[in-house]
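Here is the structure we will look at.
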Amino acid sequence: MATPLLRLLLLVACAIASVSADRFTVGDSKGWNPNVNYTIWEEKHRPFHKGDWLVFYYQPGMADVVQVDEVGYNKCDASNPISNYSKGRSYAFELNQTKRYYFICSYGYCYGGMKLTVRAQALPPPSPPSSGKSTSGATPAVRSVGNGIALAFSAVVAAALLRLL
């Protein structure tokens with residue numbers, strides 16, 4: 001009896017984790033290319049949270065994605081990379097810690113602004129249910145809606161699995 005219950009709990013936990021993370025295409029439709037202002041892109045999409053994914057789309061042989069420290073970022077220096085990726089046409093990177101991340105292109109485009117820094121924060125706690133009364137004109141955060149969807153999805157999965165038991 002404990003085994004099906006453990007499977008259920010594991011499935012629900014995985015469903016919550018997978019739904020609460022966001023995926024960001026770096027540079028939006030422009031991708032990871034020269035002549036894109038990644039500072040403005042980062043400001044547009046923040047906040048970033050632990051568990052979110054950055055997806056870099058680039059031209060093969062024309063760019064790479066190098067994770068560096070702050071000094072490497074400021075100097076556009078890829079000589080001591082934390083990680084380096086240049087295969088294929090895209091690279092997906094998970095923000096798996098709450099910290100600041102630094103990325104550059106080592107093909108010379110960094111000097112023209114092809115670099116990105118983001119700070120991953122802890123996920124905020126889920127918002128309490130709305131009472132229907134609003135004291136301000138503020139709209140709920142998108143992430144809060146995502147967490148609500150995650151919880152609703154988990155409840156549906158749990159109910160379906162309980163019917164199978």
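Worth pointing out:
- Search result, residues across the stretch 19-59 that are of a type in the set (Asp, Glu) and without any contact (Cβ under 8 Å) to a residue 24 or more places away in the chain: 28, 43
- Scanning the stretch 89-133 for residues that are out of contact with any strand residue (DSSP E or B) (no Cβ under 7 Å at 6 or more places or on another chain), of a type in the set (S, T, N, Q) and either at pLDDT below 95 or surrounded by fewer than 12 Cβ atoms within 10 Å (Cβ to Cβ) (or both) yields 127, 130, 131.
- Any hit, the stretch 143-153, residues being aromatic (Phe, Trp, Tyr), at pLDDT below 95 and touching a helix residue (DSSP H, G or I) at 6+ places or on another chain (Cβ under 9 Å): yes
Okay, residues lined up against (1) over 14 Å from residue 116 (Cβ atoms); (2) at pLDDT 95 or above; (3) open to solvent by 40 Å² or more (accessible area, probe 1.4 Å):
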position: 9; (1), (2), (3): yes, no, yes
position: 41; (1), (2), (3): no, yes, no
position: 56; (1), (2), (3): no, yes, no
position: 68; (1), (2), (3): no, yes, no
position: 75; (1), (2), (3): yes, yes, yes
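- The lone exception for residue 62 - which of (1) more than 20 Å from residue 22 (Cα to Cα); (2) free of Cβ contacts under 8 Å to residues at least 40 places away in the same chain; (3) open to solvent by 90 Å² or more (accessible area, probe 1.4 Å) it fails: (2)
The values are calculated or read from the model by the stated rules, or taken from the named source; none is laboratory data. Keep in mind the model is a prediction, meaning the values are calculated, not measured. So basically every Cβ, Gly included, is an ideal-geometry build from the backbone, and we count neighbours across all protein chains shown. The accessibility values were calculated without ligands, DNA or RNA, using every heavy atom of the protein model including side chains. Shrake-Rupley method; radii C 1.70, N 1.55, O 1.52, S 1.80 Å.
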